[in-house]
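The values are calculated or read from the model by the stated rules, or taken from the named source; none is laboratory data. Remember, predicted model here, so these are calculated numbers, not experimental data. Positions of Cβ are backbone-derived with ideal geometry, glycine not excepted, and every protein chain shown enters the neighbour counts. The protein model used for the area step is the full one, side chains on, heavy atoms only, and it has no ligands, DNA or RNA in it. Shrake-Rupley method; radii C 1.70, N 1.55, O 1.52, S 1.80 Å.
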Amino acid sequence: SDASSRGSFTPVDLQSLAEGEDAQRSWAAFKTIMAKYWAEVPMAQDQWKKSGEKFLLWQVPNIEISGIPFRNPIVNKHVRPLVLTPEVPEITIPLKLEGARLHILGQVTLPKGYPLIGKQGETVATYRLRYSDGKEQVIPVRNGIETAQANLIDKATRIDPVATAAPRALTFVKDVAREHYQALLWPVPTRQGTLHSLHCKLVSQQSALAIFAITVERSA
């Protein structure tokens, strides 16, 4: 449905989380994972060095997708998603907002993911949505349903990683030949009440999972 026919939207401020100690530690682990990955890709061992040994995305924090506003955290003048890694597999995102739906931008795995690795429907993470009244809603994040691989290129071949419940919302070309990244948009219906927090936990030893932004939709 068109955003104008829906309720109001409130972007969740993820900035302090992205700047926090755990997020910085997870980002450092993520960069190590990316460096190791590119060092093992045939004909592309210098790809990480070519990028300055950094994973830099776009520089504009506020974007709108299908009429829904999102606010991406910025670190060192570039968008910095929250990343769950085997080293730092959990994060709790404060919400404290009343809403009928969460819109989660990201839901992609790096450097690899489904369909190149993992099985369709396999759970790679669990999100636990907590309400102010103490109730909880447990939501699985599954390959090919709520998540898929970020890079639309495998080595030098275009691929089409799709998640049926989270359609592609944007693409970012970091390198024309080897790095075309996508972000997915997952609308999560919620129960009536005030949303207290979202606890995200990566299943052991799964690929890094990125969350770019979250917006809460309140019913009209």
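Taking region 58-72 as the range and being within 22 Å of D175 (Cα to Cα) and either acidic (D, E) or touching a Lys or Arg at 6+ places or on another chain (Cβ under 7 Å) (or both) as the test, the residues that pass are Q59, P61.
Residues checked against (1) in contact with a strand residue (DSSP E or B) (Cβ under 9 Å, 6 or more places away or on another chain); (2) at pLDDT below 90; (3) aromatic (F, W, Y):
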residue: F9; (1), (2), (3): yes, no, yes
residue: F30; (1), (2), (3): yes, no, yes
residue: K49; (1), (2), (3): no, no, no
residue: N62; (1), (2), (3): yes, no, no
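Per the conditions (1) among the polar types (S, T, N, Q); (2) open to solvent by 60 Å² or more (accessible area, probe 1.4 Å); (3) not in a strand (DSSP E or B), the sole criterion not satisfied by Q206 is (2). The residues of region 189-203 that are part of a strand (DSSP E or B) and open to solvent by less than 80 Å² (accessible area, probe 1.4 Å), listed by number, are T194, L195, S197, L198, H199, C200, L202.
Of the residues making up region 167-210, just one is under 21 Å from I68 (Cα atoms), charged (D, E, K, R) and at pLDDT 95 or above, namely R168.
Yes/no matrix, rows are residues, columns are (1) free of Cβ contacts under 8 Å to residues at least 60 places away in the same chain; (2) among the aliphatic types (A, V, I, L, M); (3) touching a Pro at 6+ places or on another chain (Cβ under 7 Å); (4) under 30 Å from T92 (Cβ atoms):
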| residue | (1), (2), (3), (4) |
| --- | --- |
| Q15 | yes, no, yes, yes |
| E21 | yes, no, no, yes |
| Q24 | yes, no, no, yes |
| K31 | yes, no, no, yes |
| M34 | no, yes, yes, yes |
| W38 | no, no, no, no |
| P42 | no, no, no, no |
| W48 | yes, no, no, no |
| G52 | yes, no, no, no |
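With a requirement of 3 or more residues that are open to solvent by 30 Å² or more (accessible area, probe 1.4 Å), within 23 Å of S204 (Cα to Cα) and in contact with a Pro (Cβ under 7 Å, 6 or more places away or on another chain), none of the strands (runs of 3 or more DSSP E) lying completely within region 116-188 satisfies it.
The residue pairs whose first member lies in region 73-85 and is modelled with pLDDT of 95 or more, whose second member is of a type in the set (S, T, Y), and whose beta carbons are closer than 6 Å, counting only pairs six or more residues apart or on different chains, are V83/S26; T85/S26.
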